[in-house]
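Colleague: Dropping a structure here in structure tokens format, bear with me for questions.
Read-outs: derived from the displayed coordinates by stated rules, not from any lab. For clarity, every value in this text was computed on a predicted model and none was experimentally measured. In this analysis, Cβ positions are derived from the backbone assuming ideal geometry, glycine residues included, and neighbour counts consider all displayed protein chains.
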Amino acid sequence: QMQLVESGGGLVQPGDSLRLSCAASGGTFSNYAMGWFRQVPGKERKFVATITRGGRKIYDPDSVKGRFTISRDNAENTLYLQMSSLKPEDTAVYYCAAGFMDGATAQASYLYWGQGTQVTVSS
């Protein structure tokens, strides 16, 4: 069973950059499609980005708009989300997820989830 642990969140100012990491263990990382989701209190968890087992990247066009980059290091069993030009509306808990469906944007397509890391963008 895959275990996922996110890190790298914190408090930043608008316009800053931040890189989130998701360390995976307990499974063969390269066999999984990986995704990032985010959630604000009182709202549903929303898709941010996903990367297929082959490295193809898909982003939510409304929230990302070229500011975020998802990547994976299969040798290090780690997923990343590089975020730049951060805005207050990016404030959320960010979750990484693992599943077997390449290109999936729905939560239900992912089998394993991390505990989340808080990102707060505020001046």
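Colleague: Of the conditions (1) within 20 Å of Gln3 (Cα to Cα); (2) in a loop (DSSP other than H, G, I, E, B); (3) aliphatic (A, V, I, L, M), Val64 satisfies every one except a single condition; which number is it?
Modeller: It is condition (1) that Val64 fails.
Colleague: To continue, here is another question. Looking at (1) touching a strand residue (DSSP E or B) at 6+ places or on another chain (Cβ under 6 Å); (2) outside any loop (DSSP other than H, G, I, E, B); (3) acidic (Asp, Glu), which is the only condition Glu89 fails?
Modeller: Unmet for Glu89, out of (1) touching a strand residue (DSSP E or B) at 6+ places or on another chain (Cβ under 6 Å); (2) outside any loop (DSSP other than H, G, I, E, B); (3) acidic (Asp, Glu): (1).
Colleague: Still on this structure, I have one more. Can you confirm whether segment 87-106 contains a residue that is surrounded by 13 or more Cβ atoms within 10 Å (Cβ to Cβ), among the polar types (S, T, N, Q) and closer than 21 Å to Gln3 by Cβ?
Modeller: No, segment 87-106 contains no residue that is surrounded by 13 or more Cβ atoms within 10 Å (Cβ to Cβ), among the polar types (S, T, N, Q) and closer than 21 Å to Gln3 by Cβ.
Colleague: Let me ask another. Every residue in segment 45-84 that is closer than 20 Å to Tyr32 by Cβ and of a type in the set (A, V, I, L, M), please.
Modeller: Val48, Ala49, Ile51, Ile58, Ile70, Ala75, Leu79, Leu81
Colleague: Looking at segment 1-50, which of its residues are in contact (Cβ under 8 Å) with a residue 60 or more places away in the chain, of a type in the set (A, V, I, L, M), within 19 Å of Lys87 (Cα to Cα) and surrounded by 14 or more Cβ atoms within 10 Å (Cβ to Cβ)?
Modeller: Answer for segment 1-50, where residues must be in contact (Cβ under 8 Å) with a residue 60 or more places away in the chain, of a type in the set (A, V, I, L, M), within 19 Å of Lys87 (Cα to Cα) and surrounded by 14 or more Cβ atoms within 10 Å (Cβ to Cβ): Val12, Leu18, Leu20.
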